[in-house]
């Protein structure tokens, strides 16, 4: 009987600790909406989305303002923003951390770490390194269309379009070795 009481006590103590952490996190985030709205006004920002992740768990997400100011379409937590080159510092930091931790060698083929990553040819797949990708030496073209489409595309649509585009590019490359070749998707 004592062991059941001890187990029950530990269980409820754990629940209480988790509840206290949740209350503390909510207390720290109190007023975040008004702070963000004030900053948006000060900086004349039309819209943005905010997510707060704590220990791998999303604890707060909200959209503010408009994704299309003229049409008054609101920003939601699912709005896709074109952040363009702002991804470079994020990626570089993550790559650097993995290099420091011995999990990644930037001079080895990326395929060693991501076997599902396939390039146009098996030779490229076996040669392209993280350093090549970070310094834009892969031969891959720009992908501005993915985030600058009007109207904006969903993540699912971007992935479908990217897959279709990649297959077309592969066919073009194969076709380019044959003179006067019409790509098969134009037939």
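Only the coordinates and a few stated rules stand behind these numbers; no lab work does. This structure is a prediction, so every number in the text was calculated from the model and none was measured. FYI the Cβ positions are ideal-geometry reconstructions off the backbone, even for glycines, and counts take in every protein chain you see.
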If each of residue 71 and residue 131 carries a label point 7 Å out from its Cα toward its Cβ, how far apart are those two points in nm?
-> 4.6
On the formula 1/(1 + (r/R0)^6), with r taken between the Cβ atoms of residue 140 and residue 38 and R0 of 45 Å, the FRET efficiency rounded to 0.05 is 0.65
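Stretched out fully, how many nm does the piece from residue 161 to residue 85 gain, at 0.36 nm a residue minus the Cα gap? Numbers along the way, then the final one.
Numbers: separation 76, 0.36 × 76 = 27.36 nm, distance 2.07 nm.
Between residue 161 and residue 85, full extension yields 25.3 nm more.
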